[in-house]
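Notes follow once the structure below has been shown.
Any read-out appearing in this document is the output of simple, stated calculations on the displayed coordinates, not a laboratory observation. Nothing here was measured: the structure is a model prediction, and the numbers come from that model. Every residue, glycine as well, gets a Cβ built from its backbone with ideal geometry; the counts of neighbours run over all protein chains shown.
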Amino acid sequence: MGRSRRTIPEELLLLALDPATGTTAQPQSLDLGLAGAQLVELALAGRIAPDGDRIAVVMARPTGDPTLDSALELLRRRGSPVRAVHWIGGPRLGLRQTYLTHLERCGMVHAVAGQMCGVLPTTRYQATETAISREIRTRLDNAIRTGVPPDPRTAALAALAHAVGLGKHLYPGNEGRSSRSRLRDLIRHDPMGGLVAHAVMDVQNGVAAQPRRGSGQSGPAGRKSTGRAADTTGVPGQSRRHGHGSMARVGAR
């Protein structure tokens, strides 16, 4: 795959980082979104493909990205297509921290150590390559304001941003209401991104146990994200040395 282009999980995490506080918005739902973003990235790389509401491996060759390849190998070991909602809702260890550590290693963020309540160690992350974050945001803004169908990567990123509840973080207040609505509507421009985004919202809404009736029938307007409030405490107990090389156990159930 090469590393000249940022992956969708990386871009989703950069979108979620609050430049003022160094914390991530919607931390619980963001973890689900990162797992879903891996699926979209693997699909764009030609490694997996949707099979109804399931995900099938179509090429097991590694991409060259260790975290994506860990997810790809877990999918391959399943032996048969897995429902996206089960994969995204499955247990995972430290996926957000793995990506934060990777972004720090690439020089796109830097870690700031602190304490919560004067006792518990925390780590916050500040963006260092602000031009990159602005470029990602500009792509979303252009897709929202011009009405021109976005490229698949931007469409998938928009779908996931909506699914994890980043709309109010990116476009706050009453003045951002129309932008949030258009962000939601971009979900229709990428089938894989739409499938994954709906699966993320289904997990949040607690409907992962039931198969979706008529896959793709429900429009995005009927979905409501239940993401939590912004993470105001950073990453408790995490430091730069704790994210090294630990590959997330995504969907291992």
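Extension gain for E175-T138 works out to 11.5 nm (0.36 nm per residue, less the C-alpha to C-alpha distance). Computed extension length for L120-T146: 4.8 nm, one decimal, from 0.36 nm per residue of separation with the Cα-Cα distance subtracted. Treating r as the C-beta distance of T128 and V207 and R0 as 25 Å, the FRET efficiency rounds to 0.05. Converting phi to 3J(HN,Hα) with the Karplus coefficients 6.51, -1.76 and 1.60 and the offset θ = phi - 60°, the range 124-141 yields 10, 10, 9, 5, 9, 9, 5, 5, 5, 4, 5, 5, 5, 5, 4, 4, 5, 4 Hz in sequence order, with x at every glycine or proline.
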